[in-house]
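Contents: one structure, followed by commentary.
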């Protein structure tokens, strides 16, 4: 069984993406990792090259900044990295530049890939998610945070990154369908909403242009120098451990985030969703980017 990883990034320094931590969490599972590094306004390419990792293959790309609808350029860059993976690899592990795997989950990930290797009906594996918000001590608990997503897929180039690269679809002729997947007992640690408020604001001002007009960004994001983290966001205190690759970054956290989960007023939808998730293991009306094999 041969395994390749793939990802993409641009302006990782400017927007403080934990791309090195993401790559370091991915490399131990893979025989090779392919990263599409978009032409950047900072030292992102040098940052990635500085890993000096023989298994790491860097593709220098140019983003189409004219694509400002639905984050489509993110899927295009994902496909560039995926398409570079040679056919000799069986499984492909995908992470975005703010996603990190925990080393405690490596055995489960390997075991699932081995178990379903010879089952062509299994087109991918779906992971659980922890979305951190404001600091490394809290995770999002409302319905706006997706619970699971496909992060392992077969090396089948008929699989395409979908919409804004959150998930994948299998292309058959002119149609796209959801991947048929199995669950894996592993987590993706998502840190996109954990960074200094100044870095977060710069990211929001730029990132939202992949979906919206300049006027929309000006109105909804604004020109403030720092991002205001919402202390009333429904959150849960995180009592577990973070991936080893994140420890240095966590230790250097240089901002303060205030919230009190016990005082947050939850909407009735979030309360109902939380109740059913806790007692029945499902979320009413949940959108899924995949078809789970039963």
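Tally up the residues in segment 187-199 that are surrounded by 17 or more Cβ atoms within 10 Å (Cβ to Cβ) and either without any contact (Cβ under 8 Å) to a residue 60 or more places away in the chain or assigned to a strand (DSSP E or B) (or both), please.
8
Here are some residues: 74, 67, 51. Which one is modelled with pLDDT of 95 or more, in a loop (DSSP other than H, G, I, E, B) and in contact with a helix residue (DSSP H, G or I) (Cβ under 8 Å, 6 or more places away or on another chain)?
On the way: 74 fails: in a loop (DSSP other than H, G, I, E, B); 67 fails: modelled with pLDDT of 95 or more.
Being modelled with pLDDT of 95 or more, in a loop (DSSP other than H, G, I, E, B) and in contact with a helix residue (DSSP H, G or I) (Cβ under 8 Å, 6 or more places away or on another chain) holds for just one of 74, 67, 51, which is 51.
Pick from segment 253-290 the residues that are under 22 Å from the mean Cα position of the chain (by Cα) and closer than 30 Å to residue 24 by Cα: which of them is modelled with the lowest pLDDT?
The qualifying residue modelled with the lowest pLDDT is 288.
Out of curiosity, is residue 14 touching a residue at least 24 places away in the same chain (Cβ under 8 Å), out of contact with any helix residue (DSSP H, G or I) (no Cβ under 6 Å at 6 or more places or on another chain) and surrounded by 20 or more Cβ atoms within 10 Å (Cβ to Cβ)? Break it down into steps so the answer makes sense when it comes.
Numbers: touching a residue at least 24 places away in the same chain (Cβ under 8 Å): yes; out of contact with any helix residue (DSSP H, G or I) (no Cβ under 6 Å at 6 or more places or on another chain): yes; surrounded by 20 or more Cβ atoms within 10 Å (Cβ to Cβ): no.
So residue 14 fails the test.
Can you tell me which residues in segment 259-270 are assigned to a helix (DSSP H, G or I) and surrounded by 11 or more Cβ atoms within 10 Å (Cβ to Cβ)? Show your work before the answer.
Filtering segment 259-270 for residues assigned to a helix (DSSP H, G or I) gives 261-263, 268-270.
Once the filter is applied, which keeps residues that are assigned to a helix (DSSP H, G or I) and surrounded by 11 or more Cβ atoms within 10 Å (Cβ to Cβ), segment 259-270 yields 261, 269, 270.
What's the number of the condition residue 216 fails, among (1) exposed (fewer than 15 other Cβ atoms within 10 Å of the Cβ); (2) assigned to a helix (DSSP H, G or I); (3) touching a strand residue (DSSP E or B) at 6+ places or on another chain (Cβ under 9 Å)?
For residue 216, the exception is condition (3).
Residue 61 - would you say it is over 23 Å from residue 246 (Cβ atoms), modelled with pLDDT of 95 or more and crowded, with 16+ Cβ neighbours inside 10 Å?
So residue 61 passes the test.
From the residues in segment 219-243 that are without any contact (Cβ under 8 Å) to a residue 60 or more places away in the chain and buried (at least 17 other Cβ atoms within 10 Å of the Cβ), which one is nearest to residue 134 (Cα to Cα)?
Here the answer is 227.
Would you mind telling me which numbered condition in (1) out of contact with any helix residue (DSSP H, G or I) (no Cβ under 8 Å at 6 or more places or on another chain); (2) closer than 21 Å to residue 141 by Cβ; (3) surrounded by 15 or more Cβ atoms within 10 Å (Cβ to Cβ) residue 207 fails?
(2)
Condition first: buried (at least 17 other Cβ atoms within 10 Å of the Cβ), more than 30 Å from residue 232 (Cα to Cα) and touching a helix residue (DSSP H, G or I) at 6+ places or on another chain (Cβ under 8 Å). Now tell me which residues in segment 137-159 satisfy that.
Across segment 137-159, the qualifying residues are 152, 159.
Return the residues of segment 162-186 that are in contact with a strand residue (DSSP E or B) (Cβ under 9 Å, 6 or more places away or on another chain), closer than 20 Å to residue 131 by Cα and surrounded by fewer than 19 Cβ atoms within 10 Å (Cβ to Cβ); say none if nothing qualifies.
Listed by number, the residues that qualify are 166, 183, 185.
For segment 105-134, which positions are in a loop (DSSP other than H, G, I, E, B) and under 17 Å from the mean Cα position of the chain (by Cα)?
134
The values are calculated or read from the model by the stated rules, or taken from the named source; none is laboratory data. Treat the numbers as computed from the prediction; the structure is a model and nothing was measured. Quick reminder, even Gly has a Cβ in these numbers, built from the backbone with ideal geometry, and neighbours come from all protein chains shown.
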